[in-house]
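Read through the structure below, which is laid out as C-alpha cells, and then see the notes.
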Amino acid sequence: MIGRNNTLLQRTFLAIFFLFGVIVSSKIQLHRIFGLNLSFSLLTVFGPVVNAFLSTPMTILVIFGARIIQILAGISKAKTIVSWLMYLPILSASYYFGRLTKRAGDPQKYLIPIPITCIVLFVMHPIGRKVWYFSLYWLIPIVIALISQFIDYRIHDVPKIYLYALASTFIDHCVGSVLFLYAYNIPSIYWDMAIPFVILERLLFAGGITLIYMFLKKAIPPLREIYIFGFVVERERELAAQRLRVNQ
C-alpha cells in the first residue's frame, strides 16, 4: 500500500512540476517568428523533455492542461482554434524526444509519419509549394529516427541526447510551420528569409533541450524523494496523533 502511495505521489509531483514548468516557460519570450506577430518562448526548449519523464497520456494532460489553465485564467487569449492548438508542436516534439530517450535500442520507424505528414501538407499548400525546399529541414528527424538504433549502440551520453533533442526540435518546427502556414498563410518571402536562420536556431534549441534534460535527470530524483519523505513523515505524525487520541 505504501509503495502504491509513493508511486502515486511521485507521478503527482512530476505532473504538477511540469504543469507549472510549461506555464512559466511559455511566458519567457525569446525571438520573433518570421512573418507573424508571435515569438518563440522558453517552452520551445523546456516542453520537449516532458515526455522523457512522464507517460504519454500524462504528457498530453500536462501540456494541454497547462494551455487550458492559461486560457481560463486569462494568462493567454483564445481568439481562434489555433490558440487552442498552439501547444500541438511542443506535444509532438515531446513525444518524439520521449520515445527516443526512453526506448533506447528499439526501432523508431513509427515516428517518421509525423515529419513525413508535415512535408506532404506543406508542399500541398499553394504557398508551401513555392518554397518546397524549406521542408527539406524535416528530413533531419526522419534520418535520426531511422538510425536511432545505431545511435543508441555507437553514441552515448550527451552527444546522443543532443541528436535526439535536435530531432525533437525539428519536429516542433515542422508541426508548427504547417500549423501556422495553414492558419495564417505566411507569404513565401518570409519562409525564404527564415531558411539561413533555422539551422542555427534549431542547433541552439537542441542544446537548450539537452541541458534541461540532463539537469532534470539529476535534479528530479532527490527533489522527488524529499517531497515524498516530507509527505510520509507528516502522514505518520497524523496517524500517530490519531492513535494517541484513540488510546486516551
Considering the range 120-155 alone, what residues qualify as being surrounded by fewer than 18 Cβ atoms within 10 Å (Cβ to Cβ) and within 23 Å of Ile189 (Cα to Cα)?
Val120, Val123, Met124, His125, Pro126, Ile127, Arg129, Lys130, Trp132, Tyr133, Leu136, Leu139
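So that you can scan it fast, the table gives a plain yes or no per residue for (1) of a type in the set (D, E, K, R); (2) farther than 19 Å from Leu179 by Cβ:
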{"position": "Thr44", "(1), (2)": "no, no"}
{"position": "Ala52", "(1), (2)": "no, yes"}
{"position": "Ile68", "(1), (2)": "no, no"}
{"position": "Ala73", "(1), (2)": "no, yes"}
{"position": "Lys77", "(1), (2)": "yes, no"}
Surrounded by fewer than 17 Cβ atoms within 10 Å (Cβ to Cβ) and either part of a strand (DSSP E or B) or aliphatic (A, V, I, L, M) (or both): which single residue out of Leu30, Leu14 fits that description?
Leu30
Counting only helices (runs of 4 or more DSSP H) entirely within the range 90-195, those with at least 1 residues that are within 22 Å of Phe46 (Cβ to Cβ) and polar (S, T, N, Q) are 157-184
Log entry, pairs with first residue in the range 66-84 being modelled with pLDDT of 75 or more, second being of a type in the set (Lys, Arg), beta carbons closer than 8 Å, six or more apart or on different chains, reads Ile71/Lys77; Ile75/Lys27; Trp84/Arg67
Options Leu166, Leu139: the member that is at pLDDT 95 or above and either among the β-branched types (Val, Ile, Thr) or within 19 Å of the chain's Cα centre (by Cα) (or both):
Leu166
Scan the range 51-65 for residues that are more than 12 Å from the chain's Cα centre (by Cα) and either modelled with pLDDT under 90 or not aliphatic (A, V, I, L, M) (or both) and report the count.
3
Here are some conditions: (1) surrounded by fewer than 18 Cβ atoms within 10 Å (Cβ to Cβ); (2) among the polar types (S, T, N, Q); (3) modelled with pLDDT under 90. Thr117 meets all but one. Which one does it not meet?
(3)
Being β-branched (Val, Ile, Thr) and either out of contact with any helix residue (DSSP H, G or I) (no Cβ under 7 Å at 6 or more places or on another chain) or over 23 Å from Tyr182 (Cα atoms) (or both) is the filter here; which residues of the range 79-88 pass it?
Thr80, Ile81
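The values are calculated or read from the model by the stated rules, or taken from the named source; none is laboratory data. Only a predicted model underlies this, so the values are computations on that prediction, with no experimental measurement involved. Methodologically, a virtual Cβ is constructed for each residue, glycine included, from the backbone with ideal geometry; neighbour enumeration extends over all protein chains shown.
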